1. Could you check segment 53-70 and list, in sequence order, the residues that are out of contact with any Phe, Trp or Tyr (no Cβ under 9 Å at 6 or more places or on another chain) and exposed (fewer than 15 other Cβ atoms within 10 Å of the Cβ)?
2. Might you check whether a residue that is of a type in the set (D, E, K, R), surrounded by fewer than 18 Cβ atoms within 10 Å (Cβ to Cβ), touching a helix residue (DSSP H, G or I) at 6+ places or on another chain (Cβ under 7 Å) and assigned to a helix (DSSP H, G or I) occurs anywhere in segment 34-47?
3. Please tell me if Gly33 is among the small types (Gly, Ala, Ser) and in contact with a Leu (Cβ under 6 Å, 6 or more places away or on another chain).
4. Looking at Val50, Val63 in this structure, which one is modelled with pLDDT of 95 or more and outside any helix (DSSP H, G or I)?
5. Select from segment 16-33 the residues that are within 20 Å of Glu80 (Cβ to Cβ) and in a loop (DSSP other than H, G, I, E, B) and list them in ascending order.
Amino acid sequence: MDMQGRLPAPLRGAPGEALTDREIEILELAGRGLSMKSIARVLGIAAGTVSWHLKNAYQKLHVGSREEAVRRARELQLIEDVLLCPHCACRLAPRH
């Protein structure tokens with residue numbers, strides 16, 4: 001805290017701090033097993049746009065792959081650990 005009792009501003013690019021709602025939404029779908037094409041279809045956007053959002057999320061989470069990004073987002077409790085059907089995005093039973 002500073003002299004006025006304010007908390008310091010978060011560091012730019014700090015893990016989990018700057019993710020957009022769309023980046024989190026895409027990471028959640030990726031974490032549920034959907035391919036880039038399936039994510040694009042579910043969200044009604046182009047696959048290239050999904051890729052762009054994922055790359056931005058990688059930078060913000062300081063990771064280099066989709067798997068690392070999903071794992072880090074789960075660690076930060078930004079996304080749930082639930083599987084979805086790759087065809088229609090309905091929830092699947094958890095793996096045992």
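The values are calculated or read from the model by the stated rules, or taken from the named source; none is laboratory data. Source: prediction; values computed, not measured. All Cβ positions, even for glycine, are placed from backbone atoms using ideal geometry, and neighbour counts span all protein chains on display.
1. Initial filter on segment 53-70 (out of contact with any Phe, Trp or Tyr (no Cβ under 9 Å at 6 or more places or on another chain)): 53-63, 67, 70.
Once the filter is applied, which keeps residues that are out of contact with any Phe, Trp or Tyr (no Cβ under 9 Å at 6 or more places or on another chain) and exposed (fewer than 15 other Cβ atoms within 10 Å of the Cβ), segment 53-70 yields Lys55, Gln59, His62, Glu67.
2. Looking through segment 34-47, at least one residue is of a type in the set (D, E, K, R), surrounded by fewer than 18 Cβ atoms within 10 Å (Cβ to Cβ), touching a helix residue (DSSP H, G or I) at 6+ places or on another chain (Cβ under 7 Å) and assigned to a helix (DSSP H, G or I).
3. Values: among the small types (Gly, Ala, Ser): yes; in contact with a Leu (Cβ under 6 Å, 6 or more places away or on another chain): yes.
Yes: the conditions hold for Gly33.
4. Val63
5. The answer is Gly16, Glu17, Leu19, Thr20, Arg32, Gly33.
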